[in-house]
Amino acid sequence: MSGVSVQRAGKVQQITAVSNQRVKSIRALVMKKTREETGTFLAEGMKLVMDAFENGWSIKTLVYSSAFAETSETLKELAAKIRARGGDILEVNEKVLSSITRKDNPQMVIGVMEQQWGSVPADVKDPATVWVALDRVRDPGNLGTIIRTSDCAGVDGIILIGETTDPFSVEATRASMGSIFNVPLVKMTEQQFLSWRSGWKGLVVGTHLAGAVDYRSIDFKSQPVVLLMGNEQQGLPETLSSSCDKLALIPMAGSADSLNLAIATGVMLFHMGKRLPQMQETAL
Ligand code: SAM
């Protein structure tokens, strides 16, 4: 035995029947329960699948319209690379794609991906570090937008506390615009978060409508930060808010009670601006 493992190329299959068993099990991935049981999810569209591939995510099956493949060299190349890494290829018709995506005008390319979960660091020293912690986030559009915004702000990772919406749902992955493949996600119970937080050698800032501190007056620069955001309906519970070093308010004009969760997260992250590149200004 040489000890060198050889990657077996994936299989290629043509399917035209929506009743095909393989198509049925892919279609079942629109349900959270099936995603949890299989540890997989769907990425719809060429851009998402390419982002996943380029970030090294495991694509178990690539499904695409055979008619579209005839016109797209990029897709043919991507399919060859995925196959070489062991992923299977299903060439299908639009009827099959529609049945998987439940749409009349389906995406021409769908990836069946393996879920990836990260872990929180035990010890952080870099003052530029920022983790976002979301308490029981419910709306998949909000979660996807927060993942995208966190990616743009150079966040180190996102902690999902308690019962949350599934980041691997089609809605959340779509709203993340591919950023889900670039930001580590960690799942924790409230208890696990509080225990990890107790060892965090940095600042923990919660955002709260009853916050006592104007967010602009906080020194975010000199130490690592955990930014804790509350649930859309209920905000942060006392158990979490009392664990924060500071509770920040974003003062508002107008008559609305609060900002949307994803917007409030964006305001905080870009105000901190921890890992944003410096821009060279040019004359107009
Ligand atoms: N009814 C909820 C409440 O009473 O907290 C509103 C929650 S708000 C839609 C969702 C989360 O966004 C809040 O828990 C908080 O983390 C953040 N947030 C929204 N607007 C904010 C503001 N003006 N100042 C601080 N945090 C805010």
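The values are calculated or read from the model by the stated rules, or taken from the named source; none is laboratory data. Here the structure is a predicted model, which is why all the values come from computation and not from measurement. Here the Cβ positions follow ideal geometry from the backbone for every residue, glycine too, while neighbour counts run over all protein chains shown. Ligands, DNA and RNA are stripped out before the accessible areas are found, and what is left, the full protein with its side chains, is counted by its heavy atoms. Shrake-Rupley method; radii C 1.70, N 1.55, O 1.52, S 1.80 Å.
Structure summary
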quantity: Matching residues, region 23-47, being closer than 16 Å to residue 109 by Cα and either in contact with a strand residue (DSSP E or B) (Cβ under 6 Å, 6 or more places away or on another chain) or open to solvent by less than 80 Å² (accessible area, probe 1.4 Å) (or both); calculated: 23, 26, 27, 29, 30, 41, 42, 43, 44, 45, 46
quantity: Residue among 145, 164 that is in a loop (DSSP other than H, G, I, E, B), within 16 Å of the ligand (Cβ to nearest atom) and closer than 30 Å to residue 53 by Cα; calculated: 164
quantity: Region 212-241, residues that are assigned to a loop (DSSP other than H, G, I, E, B), within 7 Å of the ligand (Cβ to nearest atom) and either touching a Lys or Arg at 6+ places or on another chain (Cβ under 8 Å) or open to solvent by 80 Å² or more (accessible area, probe 1.4 Å) (or both); calculated: 232, 233, 234
quantity: Any hit, region 242-252, residues being in contact with a Cys (Cβ under 8 Å, 6 or more places away or on another chain) and within 12 Å of the ligand (Cβ to nearest atom); calculated: no
quantity: Number of the condition not met by residue 261 [criteria: (1) within 11 Å of the ligand (Cβ to nearest atom); (2) open to solvent by 50 Å² or more (accessible area, probe 1.4 Å)]; calculated: (2)
quantity: Tally of residues being within 26 Å of residue 195 (Cβ to Cβ), assigned to a loop (DSSP other than H, G, I, E, B) and touching a residue at least 24 places away in the same chain (Cβ under 8 Å) across region 242-284; calculated: 4
quantity: Test for residue 40: is it within 16 Å of residue 174 (Cα to Cα) and touching an Asp or Glu at 6+ places or on another chain (Cβ under 7 Å); calculated: yes
quantity: Total residues in region 184-196, condition under 22 Å from the mean Cα position of the chain (by Cα) and open to solvent by 10 Å² or more (accessible area, probe 1.4 Å); calculated: 7
quantity: Positions within region 153-176 being closer than 18 Å to residue 260 by Cα and open to solvent by 30 Å² or more (accessible area, probe 1.4 Å), in sequence order; calculated: 171
quantity: Of the criteria (1) open to solvent by 30 Å² or more (accessible area, probe 1.4 Å); (2) assigned to a helix (DSSP H, G or I); (3) within 19 Å of residue 99 (Cβ to Cβ), which one residue 50 fails; calculated: (3)
